[in-house]
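Take a look at the structure set out below.
The values are calculated or read from the model by the stated rules, or taken from the named source; none is laboratory data. Just so we're clear, the structure is a prediction, and the values are computed from it rather than from any experiment. Don't worry about glycine lacking a Cβ; one is built from the backbone with ideal geometry, like all the others, and counts go over all protein chains shown.
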Amino acid sequence: MLDIKNYKLQKSQVTIIVLILIITALIVFGYFYLMKVSPISTMNFTSLEDQEMPTQKFVINGTDKEPLNKVLGVAADNDNKRVIVADSGNSRIGIFDANGKLIKYFGKPGKGDGDFNYPTSVAVSPDSDIYVVDFNNRRIQVFDQDGKLRFKISEENSGGGPFIPVVVTCDEEGNLYVSDIGKQQVRIFDSQGKPKGTIGQGGNQDGQISYANGLYVDNRNGWLYVADSNNGRVQVFTLAGKFLKKLDRNLGFALPRGIIYDNNHERLYVVDTLLHQVKVFGAGLKPIGVFGGQGNGAGQFSFPNAMAEDDRGNLYVADRENNRVVVYGY
Amino acid sequence: MGVKFGTKTILAFVLAGTIFFGLNAVAHAAVDPEATMEFTAVEGSSGRVQIRWTPVQDATAYYVYKSTDGVNWNITNVGNAQSYQDNSVTDYVNYYYKVQATDYITSIYTPTVPAYPPDTNVHGNYAENTSLCAGCHLTHSASGEKLKVATTIVNLCITCHDGTQSKYNSLTGEVRLSGGIYPAPAGPFGNLKELDYDSAVQVVAGYTYDGSQEPSNLPTSIHNLGEIVATAPGSNTAYVSTMNCTTCHNPHGSTNYRILRDDLFTAGRSTPIIVEAYAVTGATSENINYVKGNVDFCSGCHSDFHQPSGSGGVGADKTQQEGFNLSAASAGKRMHSVDMRLTAYDFNENLRYGVPLTMLSPLPTESWAGTPTVACMTCHYAHGTKEALTPNPVRNGGQSTALKRMDKMKLCRNCHQK
């Protein structure tokens, strides 16, 4: 029988134990590295009280000489710790630092390469490329992180027209998901702009959409959240396009547009433009509260349109008629 | 052994039967000719339109009529249900429906309603879709009058009508058709960048065009939002409300073209304003079949300008607009007539007018008189103009392109070919 008290580890056995620990650590951190998730933030996950709502931290409104005008889109550039803003009324894109200070604007009104006419949505790829929906020019322009144009997607190369993009988001591989109100469906493109497929079709039945003004890819679950705006609801699809479930108008939506899903807190945020608020849904997509409200004061909105989150827990709301981005946090 | 009936007996039976069935027809419950019926829902989906309407007592059948231009109507369904699903529609084509309730003796009709598949028109026909109310109203925490979610109507409307949620983009003046996006008949409002407001008033700075900006990007004049109605050119009202989208359009729907209000400053009138027109959609253009009512509508604000044929040669002492008197500013003025028909003039006899048989370039006219009839929209856009670049003097002493359809005096020469 083994005498545990007097048992002495052999040198080779110690080596093996140490190697197992090292390999285990490599596997764990390697997983988080490949999944691009910070193990520290994950391990420090803070649970929220059921009804706890975020509060305003600060606002982004440009500068006195160059203020924002009609902000329709916002996105977080996590790698560079920046905030990308669709300055729609000025037909340009604003890049701000983590504290909301302007780094630069790029673009100007027009229809040439790098120009914009009423940009309505922005997204940032895992490689920090900036996707911009150039609405009235009916195209998507893709820029590198410095604002240099990489390529465009328009009717000619979108896989069939008419192509009228209004909102864009992306998944963890950089595939673009675009709400196309020309065909009333979600169009999918790879990171080089090549068409890959579609989701949905026009209508008001389950699985059909009408002027969807919000998209969010939940990479963890492989789901696509769609703010099905004209139908006054939110729908959930698999990334392969299968309809899963919906949050219907009887949950009090007036006009759902912006949408994000926070996997860390298991919360779905839906921007309701005409109610000037963000509706919050918790586990099982049960409604748990709202924040915002109409006005131009702290934490208030005037026709909010889009929403984004960064990897530090900040929530960004494009506050259209207050010409700003409101930054919330817990 | 058979029974024989004499001629008199047979005639008696026929007479009795005639009297019996005649009385029965008269005594039979009938559709009330004074009853009304209306649509309760008009829902669009891809390749499909669903319509529902109120039941009519004693109607034995409902005939559903369908048109794409308001002129040519076809019966698309006959039945006794109060609903119909039309699966023979093309997306981004406008359709018009009306329903006849009949007992084959008396008939009544719904108003005509437009449908815009694959969209559901959120303006009007709320009876079965009351959740649409929540789009613009709040019961206990509204910010605007009449329980509106917002105080600022223009911002509310352009949430959708910037093109992100409607086939009509009022800012760029474009419409979504089956072939893509094309100019819409009303013209653009532009990006309203100058829009600035407090909680009570919206004001848009008037556009000025000095020739230095790209004219295709901005209209050179718009139907100025935020201006007080009483200051409109040719106005003789005391209305101090500021102009916004709902000044002209009824967001709850109306039977008029483009849901134009039938109650536009109609105090003193005996009848509502009826504007009949139909937007006929092609793949690349939306052509309007104007029938009647444009002058009556525009003159709800610009009442002084409702002048009859010949008014260009006579100083005005009244207006044709029911319920209005001529303002002092217009007394004695010669003003271009409206509602006049373009008939075949002998050029020599009418040399001083020089009105030809046809216009150099076709402009919109109405058809109510049987011949093309000039109305306000013949010369002016409703929302904004990018075609007129050169401002001319206007009544208030300023300069404006006045929403004209052509630059400089091309508009005049289009008809008066001097």
*So which residues in segment B:374-399 are among the hydroxyl-bearing types (Ser, Thr, Tyr) and closer than 24 Å to B:Ser311 by Cα?*
B:Thr378, B:Tyr381
*Of all the residues that make up segment A:182-217, how many are over 18 Å from the mean Cα position of the chain (by Cα), of a type outside the set (A, V, I, L, M, F, W, C), within 14 Å of chain B (Cβ to nearest Cβ) and not in a loop (DSSP other than H, G, I, E, B)?*
5
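Condition check ((1) in a loop (DSSP other than H, G, I, E, B); (2) of a type in the set (S, T, N, Q); (3) surrounded by 19 or more Cβ atoms within 10 Å (Cβ to Cβ); (4) at negative phi) across all residues:
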| position | (1), (2), (3), (4) |
| --- | --- |
| B:Tyr62 | no, no, yes, yes |
| B:Gln85 | no, yes, no, yes |
| B:Tyr92 | yes, no, yes, no |
| B:Lys98 | no, no, yes, yes |
| B:Ala101 | no, no, yes, yes |
| B:Ile105 | yes, no, no, yes |
| B:Thr120 | yes, yes, yes, yes |
_Breaking point among (1) assigned to a loop (DSSP other than H, G, I, E, B); (2) in contact with a Leu (Cβ under 6 Å, 6 or more places away or on another chain), for A:Val234_ = (1)
*Just give me the residues in segment A:268-289 being closer than 21 Å to A:Arg220 by Cα and free of Cβ contacts under 8 Å to residues at least 24 places away in the same chain, in sequence order.*
A:Ala283, A:Gly284, A:Lys286
*Check whether at least one residue in segment A:301-315 is surrounded by 21 or more Cβ atoms within 10 Å (Cβ to Cβ), within 21 Å of B:Cys160 (Cα to Cα) and away from chain B (no Cβ under 14 Å), and report yes or no.*
yes
_Quick check on this structure: which one of B:Ala134, B:Ala81, B:Ala142 is modelled with pLDDT under 80, assigned to a loop (DSSP other than H, G, I, E, B) and small (Gly, Ala, Ser)?_
B:Ala142
*Would you please list the contacts, defined by Cβ atoms under 9 Å and residues six or more apart or on different chains, that run from a residue in segment A:162-181 that is at the interface with chain B (Cβ under 10 Å from one of its Cβ atoms) to a residue that is of a type in the set (Phe, Trp, Tyr)?*
A:Ile164/A:Phe135; A:Val166/A:Phe135; A:Val166/A:Tyr211; A:Val167/A:Tyr177; A:Ser179/A:Tyr211; A:Ile181/A:Tyr211
*State whether one or more residues within segment B:29-41 are part of a strand (DSSP E or B) and within 14 Å of chain A (Cβ to nearest Cβ).*
yes
*Please determine, by comparing only the residues of segment B:227-236 that are surrounded by fewer than 18 Cβ atoms within 10 Å (Cβ to Cβ) and assigned to a loop (DSSP other than H, G, I, E, B), which one is nearest to the other protein chains (Cβ to nearest Cβ).*
B:Glu227
_Tell me the residue from B:Ala344, B:Ala329, B:Ala369, B:Ala388 that is among the hydrophobic types (A, V, I, L, M, F, W, C), assigned to a loop (DSSP other than H, G, I, E, B) and either buried (at least 16 other Cβ atoms within 10 Å of the Cβ) or at pLDDT 90 or above (or both), please._
B:Ala388
*Any idea which of (1) within 16 Å of B:Cys298 (Cα to Cα); (2) out of contact with any Lys or Arg (no Cβ under 8 Å at 6 or more places or on another chain); (3) at pLDDT 90 or above is the one B:Phe265 doesn't satisfy?*
(3)
*Could you give me the residue pairs with C-beta distances under 7 Å whose first residue belongs to segment A:130-159 and is within 14 Å of chain B (Cβ to nearest Cβ), whose second residue is part of a helix (DSSP H, G or I) and surrounded by fewer than 22 Cβ atoms within 10 Å (Cβ to Cβ) wherever it lies, and which are 6+ apart or on separate chains?*
A:Arg138/A:Glu155
*Please verify whether segment A:248-259 includes one or more residues that are more than 14 Å from every other protein chain (Cβ to nearest Cβ) and in contact (Cβ under 8 Å) with a residue 12 or more places away in the chain.*
yes
*Only one of (1) modelled with pLDDT of 95 or more; (2) away from chain B (no Cβ under 14 Å); (3) under 20 Å from the mean Cα position of the chain (by Cα) is not met by A:Arg220, so which one is it?*
(1)
*Go through the residues of segment A:233-251 one by one and say whether even a single one is closer than 23 Å to A:Ser179 by Cβ, among the charged types (D, E, K, R) and surrounded by 24 or more Cβ atoms within 10 Å (Cβ to Cβ).*
no
